[in-house]
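Have a look at the structure below before the remarks.
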Amino acid sequence: MIRKFTVYMASALLLLGSTSCGGDDSIEQAAAQSVEQFEAAGVQGMKNDALFIAEATSANMLQVQLGDLALERAVSPEVKEMAQEMSTGHRRVMEDLQDVAVQGEFVVPNELGSSHQKVYDEVSGETGIGFDLAYIKRIREEHNRLLKRYEDMAENAINMDVKQFASKQLPLLRQHLQKAEALEDRLGSI
């Protein structure tokens, strides 16, 4: 229990310190801090794992935030249903991810990375059916990227917990991608 608290505090302090250091992307900052910690402890070759954990944290935050936004603003009941599923599913992924990050002593971003913030801003700038279409399009695109990245990490991660986490999430990501593609096809024909 004390170890977990120490890891949480160290991560929080590192994130607080890094956000005041400049305008770099939160994903890059978190990954760099993780690598620095690992190298200081004599562990090499963790750059890809650290980057994945930071990217996955930001990507899942994006899915939750977009889902919550779509629950408020979507016009189509199908889009609202999809948003609820995305938000709920990615909250569970975030819980698993947090456990992996704490166990592996990875630093995670506490805000969206710049590319994910751009996606959020783009979708949130839409209204009406335009919002619904933008939301579904971006959900499909983001899940396509996520699926490729998770497949890579399920095979190539160095840390076994990271490898298992990525592998465990693949069925959910595939399901979300299929549903988003089907809904995009239906909405696109309107």
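The values are calculated or read from the model by the stated rules, or taken from the named source; none is laboratory data. No experiment lies behind these values; they were computed from the predicted model shown. As a convention, Cβ positions derive from the backbone with ideal geometry for all residues, glycine included, and neighbour counts pool all protein chains shown. Note: accessible area is taken over every heavy atom of the protein model, side chains too, but ligands, DNA and RNA are not part of it. Shrake-Rupley method; radii C 1.70, N 1.55, O 1.52, S 1.80 Å.
Here the accessible area is traced with a 1.4 Å probe on the protein chains. For region 55-190, carbon and sulfur cover 48 percent of it.
Sorting Thr88, Thr57, Thr127 on solvent-accessible area from highest to lowest, probe radius 1.4 Å, gives Thr127, Thr88, Thr57. For region 11-156, averaging the sequence separation of C-alpha pairs within contact (under 8 Å, six or more residues apart) and dividing by the residue count gives a relative contact order of 31 percent. Listed by chain and number, the lysines placed with their C-alpha closer than 20 angstrom to that of Lys137 are Lys80, Lys118, Lys148, Lys179; residues fewer than eight positions away on the same chain are left out.
Remark on the chain: ratio of C-alpha radius of gyration to 2.2 N^0.38 Å is 1.07. Among residues other than Arg92 whose Cβ falls under 13 Å from its Cβ, what is the net charge (Lys/Arg +1, Asp/Glu -1)? For residues surrounding Arg92, the net value is -2.
Quick one: check the C-alpha center-to-center distance for region 140-177 versus region 121-137, whole angstrom. Region 140-177 and region 121-137 have Cα centres spaced 26 Å from each other.
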